[in-house]
Structures are given as C-alpha cells and as structure tokens.
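Everything below concerns the one structure shown next.
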Amino acid sequence: MNMRLVLLGAPGSGKGTQGERLAKKLNVPQLSTGDILRSAIRGGSELGKKADAFMSKGELVPNQLILDVMAERLAKDDCKNGYILDGFPRTIAQAEGLDKILEAANAKLDAAINIDVKEEEVIRRLGGRRQCSKCSAVYHNEFSPSKKGNICDKCDGELYQRGDDTDATIRNRLKIYKQETAPLIDYYKRCLKNVDGVGTGDEIFKRICSLIGI
Ligand code: ADP
Ligand code: ZN
C-alpha cells in the first residue's frame, strides 16, 4: 500500500519494532537512520567515521550529514511507493529538509505516528536491549530474549549491546530527545497519530493499524 509514514518517539519507545511490522504489512522499506549509520560504522566508510564520534556519546549526528544520506536514500527506486521513516527526522531542521525533499518529489506524508512511552519505562528497556550484528533484529534480555542466548533467532548472527545503550549515554539521549525531537510532535500536529506505546508488540501494532486505517 502506498504510504509515507514518520515514526516519532523517545529512544526505546519501539519505533524499530513497529517500523519493521508496518514495512512488512505495507510492503514498503523501513528506513532507520540509526541502522544506516551503524552499518556505515561497521563498514568503515567516511560517513561511518564521522557519525561514530557523535553516536558513541549519544549526541545527534549533524543535520546536513543526515539530510544528505536521506535525500540519496529516498531517491532510490524502492521508495517510489512509500516508506517508513524510523529515527528521521529528529530535529526541526531535518523535518524542514524532509519537507523540501517531499515537495520536490510532489509527495506528501500520510501520517506521523508518535509512540508514547514514559521515561522510566524507556530507561528500563534500553538497559537490556541487544541487537543482531548481522540483520539488526532487536531483542531484550528480559522482555524478548533470543531463544539461542547470544545468537540471533532469525539469522544466527551474534547479538551485541549497542555502545550507546549504557547508563550515562542513555540519559544524554533522553535529554537530547526532549530538547530536539519532542518539538516535532507539534511540528507534525496536522497529521499526528498518538499511540500508547505500553503493551505487547501485537497490541501496539493493532493500535497503530487502526489509527491509520490499514
Ligand atoms: P534510538 O532511537 O534508540 O536512540 P537510533 O538507532 O534511532 O536509536 O539512533 C541511535 C543514534 O544514531 C542516535 O543517538 C544518534 O546519534 C544517531 N542518529 C540516528 N538518527 C539520527 C538523526 N536523524 N539525526 C541525527 N542523529 C541520528
Ligand atoms: Zn540476525
């Protein structure tokens, strides 16, 4: 289905998990800037080197760098019929940049979905988060462990704890989220859908689907 969606929400609110489900159901790509940057870091590219310095501290990668990456990505063929944006835009400047990209393509966002989760809950979630180094699948030590321990259930890749999922960095990311990203909830008010982000993955997915009528 032809849809362009933005996922908003604090780090650990479940954007990645829900984005993956939405992408499958709508048959459009899920574009996670976090995953794009992490894979650039692993690949050792110029982009990766620049991004790493910011990400490891829990700071935002500069707007222009992100906008260049996303302008290029959104111009690819697989984005023609829509996409799920997960982790982008993250600042007002990025949202304005996205508006320009959309305008140039004569396209419009269908909705911005804000996944609402309280700060204490987010801190609990991020501390136990583990991610697959091969396919980026996300697990949680306590809430959704892999059946194979430290190995990915889906692809047998090794699971790791992200360098930015440590206490001090988590607090910094939440502070930056409040300052830089939370204002997007107002920026997108004309197409905003607020969803309660507490519950099972299935429950939250159902809420989202009914909000956007799919
Ligand atoms: P989370 O949402 O849990 O923080 P992400 O994987 O989306 O995880 O992002 C991890 C890090 O990647 C961020 O803390 C930031 O350093 C960088 N990053 C991702 N997306 C953006 C973006 N749109 N603008 C700037 N930095 C970004
Ligand atoms: Zn995997």
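The values are calculated or read from the model by the stated rules, or taken from the named source; none is laboratory data. Since the structure is predicted, the reported quantities are computational estimates derived from the model, not experimental observations. For neighbour counting, all protein chains shown are included, and Cβ atoms are generated from backbone atoms with ideal geometry for every residue, glycine included. For accessibility, only protein heavy atoms count, side chains too; no ligands or nucleic acids. Shrake-Rupley method; radii C 1.70, N 1.55, O 1.52, S 1.80 Å.
Give 160, 139 a once-over and let me know the one that is open to solvent by less than 40 Å² (accessible area, probe 1.4 Å) and either modelled with pLDDT of 95 or more or over 13 Å from residue 35 (Cβ atoms) (or both). Write out each step before concluding.
Numbers: 160 fails: open to solvent by less than 40 Å² (accessible area, probe 1.4 Å).
So the residue among 160, 139 that is open to solvent by less than 40 Å² (accessible area, probe 1.4 Å) and either modelled with pLDDT of 95 or more or over 13 Å from residue 35 (Cβ atoms) (or both) is 139.
Taken together, 28, 6 contain a single residue that is buried (at least 19 other Cβ atoms within 10 Å of the Cβ), in a loop (DSSP other than H, G, I, E, B) and more than 16 Å from ligand 2 (Cβ to nearest atom), which is 28.
Would you confirm whether or not region 81-102 contains a residue that is at pLDDT below 95 and open to solvent by 30 Å² or more (accessible area, probe 1.4 Å)? Give the derivation first.
At the first step, the residues of region 81-102 found to be at pLDDT below 95 are 81.
Pick out the ones that are also open to solvent by 30 Å² or more (accessible area, probe 1.4 Å) and you get 81.
Taking every residue of region 81-102 in turn, at least one turns out to be at pLDDT below 95 and open to solvent by 30 Å² or more (accessible area, probe 1.4 Å).
Could you list, in sequence order, all residues of region 31-40 that are open to solvent by 30 Å² or more (accessible area, probe 1.4 Å) and within 9 Å of ligand 1 (Cβ to nearest atom)?
Matches in region 31-40: 35, 36, 38.
Restricting attention to region 41-74 and to residues that are charged (D, E, K, R) and under 20 Å from residue 168 (Cβ atoms), the residue that is surrounded by the most Cβ atoms within 10 Å (Cβ to Cβ) turns out to be 52. Which residue is least open to solvent (accessible area, probe 1.4 Å), if the candidates are limited to region 184-207 and must be part of a helix (DSSP H, G or I), farther than 23 Å from residue 125 by Cβ and in contact (Cβ under 8 Å) with a residue 24 or more places away in the chain? Step by step, filter region 184-207, then rank; the result is 191.
Looking at the structure I just gave you, is residue 144 over 25 Å from residue 187 (Cβ atoms) and in contact with a helix residue (DSSP H, G or I) (Cβ under 6 Å, 6 or more places away or on another chain)?
Values: over 25 Å from residue 187 (Cβ atoms): yes; in contact with a helix residue (DSSP H, G or I) (Cβ under 6 Å, 6 or more places away or on another chain): no.
No.
In region 132-183, the residue that is nearest to ligand 1 (Cβ to nearest atom) out of those that are outside any loop (DSSP other than H, G, I, E, B) and over 25 Å from residue 88 (Cβ atoms) is 167.
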